[in-house]
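Note sheet for the following structure.
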Amino acid sequence: MASAHASRIAVFLLAAAVRANAQTAAPALTLDQAEATAIARQPQLLAAQLRARASSQRIRQARSGLLPTVNFNATGALVADTGTSTAAGNVTTSAVSDRFAYGGNLTQLVTDFGRTNALIGSAKFQSAAQADMATLTKAQVRLNVREAYFGALGAEAVLRAAQAAQANRHLISRQLSALAQSELRSTLDVNFANVLESEADLAVVQAQSAVAQDRSRLATAMGQAKPVTETLTEPASLADPLPPAPDALQQQAQAQRADLSAAQASQQAAHEVALAEKRLSYPSLNVLGAAGQIPFHDHTLHDNYAAAGFNLNIPVFNGNLFAARRAEAELEATARQRDVEQVQLQVNEQVRDAWYRADEAYRSLGVTARLVAQSKEALRLAQDRYDAGLGSIVELNEAQLNETSAEITSAAATYTYLSRRAELDFAAGLLN
C-alpha cells in the first residue's frame with residue numbers, strides 16, 4: 001500500500017516537472033526584443049530611413065555645380081548643294097558644309113560668389129532634417145511598441161482578475177444551489193448568484209477579446225503580420241517614480257526632440273536658400289574648353305580643332321525676377337523661424353501634459369491598492385453578515401461586484417502608468 005502511494009507521489013512529481021519544463025521552454029518575448037524586432041521590420045521606419053538616405057544624395061547634386069562638366073559630341077552633316085548657308089533667324093549668315101566631327105567640351109565654374117556653396121549648405125541642412133524625421137519615426141515606433149506591449153500585459157492582468165472572479169462566482173453559485181436544495185437558502189439567493197455568475201462569464205469573454213486585440217496591435221507595432229503568441233515578460237521595474245516637476249524634462253526635450261531638431265534644420269536650410277537667391281544677382285565666371293577631330297570635311301575646314309575661353313555673366317535686368325525670388329526665400333526663412341518657435345511651444349506643452357498624465361497614473365497606484373484592500377474587507381463583512389442572516393443577497397452581490405471592479409482596476413493601473421511613462425519619455429525625446 002505504501003509502495004502504491006509512493007508510486008503515485010512519484011508520478012505526480014514527474015508530471016509537475018514536465019509541466020515546469022514545458023513552461024520554461026515556452027518562448028518568451030521581452031520588451032527589448034519587441035522593440036528590436038520593430039526597428040528591424042517596421043515598414044514605416046524603413047521608409048523613413050530610405051528617405052533620409054535619398055535626401056543625402058541632394059548634397060552630391062548641389063556639389064556637382066563646383067565640379068567640371070565634360071560632354072562628348074559627334075556631329076555629321078551632308079550638304080545638298082555646295083555653298084549652302086542658313087539665314088533665317090540669324091543676324092549673320094552661316095555656311096553649312098559637309099563634315100563629320102567628334103570631340104569634347106569642358107565647362108568649369110570659377111566663381112559665382114558663393115551661390116553654389118549656399119545651395120550645398122541648404123542641401124546639408126535638408127538632409128539633416130530628413131535624418132531627424134527618421135529619428136522621430138524610430139521614437140514613434142518604440143512608443144507604439146511600448147504602448148501595445150503594456151496594453152497587452154494590462155489586458156492579460158485584467159483577464160486573470162476576471163477569471164479569478166469567475167471561479168469564485170461559480171463556487172458561490174454551486175454552494176448556494178446546494179444550500180437551496182437543503183432549504184437553507186432561498187431560490188432568490190440562487191437567482192442573484194446566477195446573475196452574478198453570468199456577469200463574471202461575460203467579463204471573461206470581454207477580457208479575452210481585449211487580450212487578442214492588444215496582441216494583434218502589438219504584432220502590427222512590431223511590423224509583423226502574424227499575431228504575437230509568445231509569453232510577454234514583465235518589465236524589470238514596474239513603477240519608477242517620476243521627476244518632481246516637468247521642468248527638467250522640458251529642457252531635455254528642447255535639446256533632444258527630433259522634430260524640433262528637424263524644424264531647426266529646415267529653418268537653416270531656408271536661410272541658405274535665401275543667401276543663394278540673393279547671390280543670383282552677382283556675376284558668375286566660367287572657363288570653357290573644346291577640342292576634337294574632323295575626319296571628314298571639305299577644304300574649308302582643318303583636320304582637328306581646339307579652343308579655350310571664358311564666359312563672364314553679369315545679370316543686368318530680368319524683370320525683377322531675381323528680386324522676387326530673393327524676397328520669397330527671405331520670407332520663407334522668416335516663416336520657418338516662426339515654425340521653430342511653434343514647435344518649441346508644442347514640445348513644452350506635450351511634456352507638461354504627459355507629465356501630468358503620468359503623475360496621475362502613478363498616484364493612482366496607491367489609491368487602487370487601497371481600493372482593493374477596502375473592497376476585500378467590505379466583501380468579508382458583507383459575507384459575514386449574510387452568513388449570520390443579517391444581510392441580504394443584494395448587499396453581498398454588490399460587495400462582490402465592487403471587489404471584482406477594484407481588482408480589475410488595480411490590475412490595469414500599473415500598465416496604464418507604464419504606458420503613460422512611455423508617452424512622457426517620447427515627449428522628452430528619450431526614445432531616440
Picked from the stretch 306-322 (must be touching a residue at least 24 places away in the same chain (Cβ under 8 Å) and either open to solvent by less than 100 Å² (accessible area, probe 1.4 Å) or of a type in the set (Val, Ile, Thr) (or both)), the residue nearest to Gln293 (Cα to Cα) is Asn311
Could you grab the pairs with beta carbons closer than 8 Å, sequence gap of 6+ or different chains, first residue in the stretch 245-272 and over 19 Å from Ile120 (Cβ atoms), second one among the acidic types (Asp, Glu) and buried (at least 21 other Cβ atoms within 10 Å of the Cβ)?
Ala258/Asp132; Asp259/Asp132; Ser261/Asp132; Ala262/Asp132
Quick one: in the stretch 411-432, of everything that is under 21 Å from Thr137 (Cβ atoms) and of a type in the set (S, T, N, Q), which residue is surrounded by the fewest Cβ atoms within 10 Å (Cβ to Cβ)?
Asn432
List every residue pair whose Cβ atoms sit under 6 Å apart, with the two residues 6 or more apart in sequence or on different chains, where the first one lies in the stretch 196-225 and is without any contact (Cβ under 8 Å) to a residue 40 or more places away in the chain and the second, anywhere, is open to solvent by less than 40 Å² (accessible area, probe 1.4 Å) and in a helix (DSSP H, G or I).
Glu197/Arg169; Glu197/Ser173
Return the residues of the stretch 209-231 that are open to solvent by 60 Å² or more (accessible area, probe 1.4 Å) and either farther than 10 Å from Ala152 by Cβ or assigned to a loop (DSSP other than H, G, I, E, B) (or both); say none if nothing qualifies.
Thr220, Ala225, Lys226, Pro227, Thr229, Thr231
Could you count how many residues in the stretch 369-393 are open to solvent by 80 Å² or more (accessible area, probe 1.4 Å) and part of a loop (DSSP other than H, G, I, E, B)?
1
Kindly provide the set of residues from the stretch 149-184 that are within 30 Å of Leu218 (Cα to Cα) and either open to solvent by 80 Å² or more (accessible area, probe 1.4 Å) or not in a helix (DSSP H, G or I) (or both), ordered by number.
Arg160
Among (1) within 30 Å of Ala139 (Cβ to Cβ); (2) open to solvent by less than 50 Å² (accessible area, probe 1.4 Å), Gln264 falls short only on (2)
If you check every pair at least six apart or on different chains, which have Cβ atoms under 7 Å apart with a residue in the stretch 323-349 that is in a helix (DSSP H, G or I) first and a residue that is open to solvent by 80 Å² or more (accessible area, probe 1.4 Å) second?
Ala333/His271
Can you find even one residue in the stretch 185-194 that is open to solvent by 30 Å² or more (accessible area, probe 1.4 Å), out of contact with any helix residue (DSSP H, G or I) (no Cβ under 8 Å at 6 or more places or on another chain) and small (Gly, Ala, Ser)?
no
Determine whether the stretch 285-301 contains at least one residue that is open to solvent by less than 60 Å² (accessible area, probe 1.4 Å), outside any helix (DSSP H, G or I), touching a Leu at 6+ places or on another chain (Cβ under 7 Å) and among the small types (Gly, Ala, Ser).
yes
Is at least one residue of the stretch 268-280 assigned to a helix (DSSP H, G or I), β-branched (Val, Ile, Thr) and either open to solvent by less than 80 Å² (accessible area, probe 1.4 Å) or touching a His at 6+ places or on another chain (Cβ under 6 Å) (or both)?
yes
Can you name every residue in the stretch 104-148 that is outside any helix (DSSP H, G or I) and farther than 30 Å from Ala333 by Cβ?
Gly104, Asn105, Leu106, Thr107, Gln108
Residues to consider are Leu106, Leu31; find the one that is modelled with pLDDT of 75 or more, in contact with a helix residue (DSSP H, G or I) (Cβ under 6 Å, 6 or more places away or on another chain) and among the hydrophobic types (A, V, I, L, M, F, W, C).
Leu31
With respect to Thr229, is the statement that it is modelled with pLDDT under 95, in contact with a strand residue (DSSP E or B) (Cβ under 6 Å, 6 or more places away or on another chain) and β-branched (Val, Ile, Thr) true?
no
Looking only at the stretch 68-103, filter to residues that are closer than 27 Å to Ser284 by Cβ, assigned to a loop (DSSP other than H, G, I, E, B) and not β-branched (Val, Ile, Thr); which one of those is modelled with the highest pLDDT?
Pro68
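The values are calculated or read from the model by the stated rules, or taken from the named source; none is laboratory data. Quantities reported herein were computed from a predicted structural model and do not represent experimental measurements. Neighbour counts run over all protein chains shown; Cβ positions are idealised from the backbone, glycine included. Only protein heavy atoms, including side chains, enter the accessible area calculation; ligands, DNA and RNA are left aside. Shrake-Rupley method; radii C 1.70, N 1.55, O 1.52, S 1.80 Å.
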